[in-house]
Amino acid sequence: MGQRTPLYDAHVSAGARIVDFGGWDMPLHYGSQKDEHHAVRQHAGVFDVSHMTVVDVTGSDATGFLRALLANDVAKLTTEGRALYTCMLNDDGGVIDDLIVYWLGGDDYRLIVNAATRDKDLAWINEQAQAFDVSVTERPELAMIAVQGPDARALAASCIDAPYRNDALALKPFTGHQFGDLFIARTGYTGEDGWEILGEAAAINKLFHALIDAGVKPAGLGARDTLRLEAAMNLYGNDMDEGVSPLEAGLGWTIAWAPDDRNFKGRQALEAQRDNPTRPRFVGLLLEGKGVLRSHQRVVVDGVGDGEITSGGFSPTIGRSIALARVPAGEYSEAAVDIRGKLQAVKIVNTPFVRNGEVRIEI
């Protein structure tokens with residue numbers, strides 16, 4: 001038996017298929033992964049993400065500490081509640097984890113890091129914090145859900161206390177604030193609009209049930225993965241890890257190079273890689289025929305070399321198989337993937353594949 005979130009009993013009652021996910025007993029689906037996927041794209045779905053790790057960083061050196069720790073620059077956060085997506089790197093420029101950081105005002109920040117990397121993340125953060133006047137506090141008492149989809153915010157607003165509804169609906173993308181006993185952020189991992197909501201276990205449990213009563217469909221890990229793949233959102237451990245830099249994972253946009261004197265962890269290694277013309281490309285793939293693209297399948301670029309799929313699967317929205325892949329440097333738009341010993345043609349496409357319910361690639 002793994003760790004259980006405060007919503008475990010609710011998942012079982014709703015008929016979820018429970019699987020192990022990084023040591024947590026989590027819902028894979030509630031009967032139909034495909035139906036849950038389409039519900040998020042077309043209406044609204046709610047995910048339990050309480051296995052994620054919440055870390056608060058406070059103290060007089062908090063800003064300076066995070067500017068040294070993270071590849072993106074928290075100095076960009078000039079409005080209270082604003083959030084930033086970033087990577088936390090080792091000295092070689094590899095990704096220890098990708099995370100979201102919120103500026104809560106003053107010297108207070110909140111980090112949301114991945115569940116599977118919790119132990120190493122906390123160890124690294126605390127080690128780096130020793131040279132700064134900061135306090136690093138994990139918040140295990142906080143549960144978290146994500147309600148996503150075109151109707152998600154409107155339905156979720158009907159389930160929170162009336163005095164906060166209008167202000168919560170007015171949140172701009174990548175912004176979060178405390179509303180009563182809930183911290184609500186307009187963020188997500190599906191390519192759809194919506195909220196991620198943190199609060200004490202009892203409050204989140206009550207909200208989860210209220211959302212379902214309001215017509216929001218519970219969704220599991222399976223739909224979460226197909227949704228994030230269509231949105232071309234990286235998955236830690238697949239698309240990047242400690243041996244892969246943000247530049248090799250299509251996350252160059254998350255690196256703040258200016259100012260030149262901000263010496264964040266991994267900067268020197270990244271600068272050397274940035275100027276390397278042979279650095280691999282990170283691309284989207286669309287399978288031309290039948291079959292399913294999977295992680296670790298070999299990508300063959302005729303006359304150039306081989307690459308590898310990092311994330312792949314069937315896209316319920318597009319009706320075709322798609323993938324993210326690291327491929328050799330060069331200018332080309334076609335390749336092939338080795339599927340069970342047979343080379344199948346793929347087209348290299350710009351990502352995201354799907355965003356806000358719309359297919360963004362040419363089929």
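Overview of values
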| read-out | value |
| --- | --- |
| Straight-distance crosslink candidates among lysines, where the alpha carbon sits under 28 Å from LYS347 and sequence neighbours closer than 8 are dropped | LYS34, LYS290 |
| The chain - convex hull of the alpha-carbon atoms, volume per residue in Å³ | 136 |
| Over region 78-234, relative contact order from alpha-carbon pairs under 8 Å, at least 6 apart, % | 19 |
| Value at 222 nm in deg cm²/dmol, rounded to 500, when DSSP H runs of n ≥ 4 in the chain each add -39,500 (n - 2.57) | -6000 deg cm²/dmol |
| Charge dipole magnitude, Cβ of K and R +1, D and E -1 - the chain, Cα centre, debye nearest 20 | 1080 |
| R0 of 25 Å, Cβ-Cβ distance ASP306-LYS120: FRET efficiency to nearest 0.05 | 0.25 |
| Of the DSSP H helices in the chain, those whose Cα atoms cover at least 24 Å axially and whose Kyte score averages -0.5 or more | none |
| For the chain, the longest site-free run once trypsin sites (Lys or Arg not before Pro) in DSSP loop states with at most 16 other Cβ atoms within 10 Å are removed | 5-261 |
| Charge tally in the Cβ shell below 14 Å around ASN205, where Lys, Arg are +1 and Asp, Glu are -1, ASN205 excluded | -4 |
| FRET efficiency for ASP161 and ASP275, using Cβ-Cβ distance with R0 set to 56 Å, rounded to 0.05 | 0.60 |
| Average Cα contact separation per residue, region 1-274, under 8 Å, 6 or more apart, as relative contact order % | 26 |
| Nearby lysines by direct alpha-carbon distance to LYS172 (threshold 27 angstrom, same-chain neighbours under 8 apart not counted) | LYS76, LYS206, LYS217 |
| Positive-end residue of VAL12, GLY237, GLN130, charge dipole of the chain with Cβ unit charges | VAL12 |
| Dipole moment magnitude, nearest 20 debye, region 280-359 about Cα centre, only Lys, Arg, Asp, Glu C-beta charged | 280 |
| Average Cα contact separation per residue, region 280-359, under 8 Å, 6 or more apart, as relative contact order % | 37 |
| Span from the region 165-180 Cα centroid across to the region 211-290 one, whole angstrom | 26 |
| Proximal aspartates and glutamates relative to LYS342, as straight alpha-carbon distance under 20 Å, when same-chain residues fewer than 8 apart are discounted | GLU288, ASP302, ASP306, GLU308, GLU334 |
| Contour excess over end-to-end distance, with Cα ends at ALA154 and ASN350 and 0.36 nm allotted per residue | 67.4 nm |
| Cβ charges +1 (Lys, Arg) and -1 (Asp, Glu), total dipole of region 315-363, debye | 200 |
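Just so you know, all these numbers are worked out from the coordinates, no wet-lab data involved. Fair warning: this is a prediction, and the values are worked out from it, not measured in the lab. Cβ: placed from backbone, ideal geometry, glycine included. Neighbour counts: every protein chain shown.
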